[in-house]
Amino acid sequence: MKKPLGKAAKTGFICGAIMILVLAAGFFMPTWTPAIKGESSVSMLKQIHINGTGHEVMIRGEDRSNPIVIFVHGGPGCSEIPYIREYQKRLERNFTIVHYDQRGSGKSFHFGEDYSGLSSDLLVEDLLALTDYVTAELDVSKVLLVGHSFGTYIGMKAAAQAPEKFAAYIGIGQVADHRDSELDGLDFALEQALEAGNTGDAERLEKLRPDISEGKILTPRDLIRKYGGAARQLNDNMLYVKGFLLAPEYNLLDVVRYWRGVGLSQRILLAEESERSIPELVDKLEIPCFFVMGQYDYMTSTKAARTYFDGLEAPRKEFILFNESAHYPQLEEEERFAEWMEDTFLRSI
């Protein structure tokens, strides 16, 4: 005869069951993006099928007839959908903002799908197909292409391949010569470590110099963050923590997809960028080109970006430096970035 459960055991069983139910709800909870008031507004979060696979797309704006801005996220694999909505409220007044999770990233990572053919060229094809979809969906032809971090590698190639689809290209945290950029980050972190008396960090960095010089590894991102070369006005890692926990655009299953996608994308795409730096691939654009850089950016070196910019041909080009920012000027100096977008693209292009 079985012994009846005691009070403590029953309580533990109930608590465990509740936790299982809460986790299950978190994994399968429906996702959405909040509505925007107005008859002409658009607020959409959905999966669309383009170029042979499903892509998650978020489109937001107060007037669907406004110019379109397509943001290409970096990482590789680091979707911005979990946190970006809070940083684009002003932009949504005068532009229709499009974010999407790239193939194999975030909500566009599909369990069981074959990603062996993943490459930047394939992501460029996806981006161009997405551009066609968005312009048809909104019936708007003016599109501004914005890349951030590794997204600039894809964005530059797309702008060069299909300039007729875009009114201008904006590179935020623009990638440039891969090895020069990584060595700039190494020297920055090493200098800061020595000034702070952190000999352990300095020794770790010097040991890695040969592999960084040869393009085998990146300068450790934890040390670049530690010394302020990633962000000055925010904690970029906490953006994701808060987004994963609080934003309605992602549930717990999407968080799993996100981390699976990061591992997949970075393993394949960072090796490709190391082998073929963007200045080797694109030295001319046929549309206006703008590099928006944070003064303290050592994730993608501002110095290396400037060197690339100086040799780049374009009918119009500008290098804009944000003095209070590192790798995220569009977030760290949110109002200034929105004002710059309005002044530059609502009045001149």
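Numbers for the structure displayed
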| read-out | value |
| --- | --- |
| Within the range 297-323, considering residues that are in a helix (DSSP H, G or I) and of a type in the set (Phe, Trp, Tyr), the one surrounded by the most Cβ atoms within 10 Å (Cβ to Cβ) | TYR308 |
| Single residue of the range 58-100 satisfying the filter (buried (at least 23 other Cβ atoms within 10 Å of the Cβ) and among the hydroxyl-bearing types (Ser, Thr, Tyr)) that is nearest to ARG260 (Cα to Cα) | SER79 |
| Failed item in (1) surrounded by fewer than 18 Cβ atoms within 10 Å (Cβ to Cβ); (2) under 29 Å from PHE109 (Cα atoms); (3) modelled with pLDDT of 95 or more, with GLY215 passing the rest | (3) |
| Members of the range 184-207 that are within 30 Å of PHE309 (Cα to Cα) and buried (at least 19 other Cβ atoms within 10 Å of the Cβ) | ASP184, GLY185, LEU186, PHE188, ALA189, LEU190, GLN192, ALA193, LEU205 |
| Odd one out for GLY106 among (1) touching a helix residue (DSSP H, G or I) at 6+ places or on another chain (Cβ under 7 Å); (2) free of Cβ contacts under 8 Å to residues at least 24 places away in the same chain | (2) |
| Filter result (free of Cβ contacts under 8 Å to residues at least 24 places away in the same chain and part of a helix (DSSP H, G or I)) within the range 136-174 | ALA136, GLU164 |
| Tabulated pairs, the range 235-247, first closer than 15 Å to ARG221 by Cα, second crowded, with 19+ Cβ neighbours inside 10 Å and modelled with pLDDT of 95 or more, C-beta under 8 angstrom, 6+ apart or interchain | ASP236/ARG225; ASP236/ALA230; ASP236/HIS327; ASP236/TYR328; ASN237/ARG225 |
| The range 175-200 residues that are over 14 Å from SER274 (Cβ atoms), paired with ones that are basic (Lys, Arg) (beta carbon under 6 Å, 6 or more apart) | ASP184/LYS303 |
| Residue satisfying all of: in the range 269-292; among the charged types (D, E, K, R) and either in a helix (DSSP H, G or I) or free of Cβ contacts under 8 Å to residues at least 12 places away in the same chain (or both); surrounded by the most Cβ atoms within 10 Å (Cβ to Cβ) among these | GLU273 |
| Hits in the range 123-132 (condition: surrounded by fewer than 19 Cβ atoms within 10 Å (Cβ to Cβ) and either within 12 Å of ILE48 (Cβ to Cβ) or free of Cβ contacts under 8 Å to residues at least 12 places away in the same chain (or both)) | ALA129, ASP132 |
| Filtered residue count, the range 324-341, keeping only those that are assigned to a helix (DSSP H, G or I) and either more than 19 Å from ILE287 (Cβ to Cβ) or at pLDDT below 95 (or both) | 10 |
| Yes/no for ARG60 being touching a helix residue (DSSP H, G or I) at 6+ places or on another chain (Cβ under 9 Å), farther than 28 Å from GLN266 by Cβ, among the basic types (Lys, Arg) and at pLDDT 95 or above | no |
| Qualifying residue in the range 196-213 (condition: part of a loop (DSSP other than H, G, I, E, B), more than 28 Å from PHE166 (Cβ to Cβ) and of a type outside the set (S, T, N, Q)) | yes |
| Failed item, numbered, when ALA230 is tested on (1) over 17 Å from the mean Cα position of the chain (by Cα); (2) farther than 30 Å from ASP114 by Cβ; (3) of a type outside the set (Lys, Arg); (4) not in a helix (DSSP H, G or I) | (1) |
| Criterion violated by ASP222 - all others in (1) of a type outside the set (Val, Ile, Thr); (2) over 20 Å from ASP187 (Cβ atoms); (3) more than 16 Å from the chain's Cα centre (by Cα) satisfied | (2) |
| Matching option when the condition is in contact with a strand residue (DSSP E or B) (Cβ under 6 Å, 6 or more places away or on another chain) and under 28 Å from LEU252 (Cβ atoms), among VAL146, VAL140, VAL134, VAL72 | VAL72 |
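The values are calculated or read from the model by the stated rules, or taken from the named source; none is laboratory data. No experiment lies behind these values; they were computed from the predicted model shown. Glycine gets a Cβ as well: all are built from the backbone with ideal geometry, and neighbour counts include every protein chain shown.
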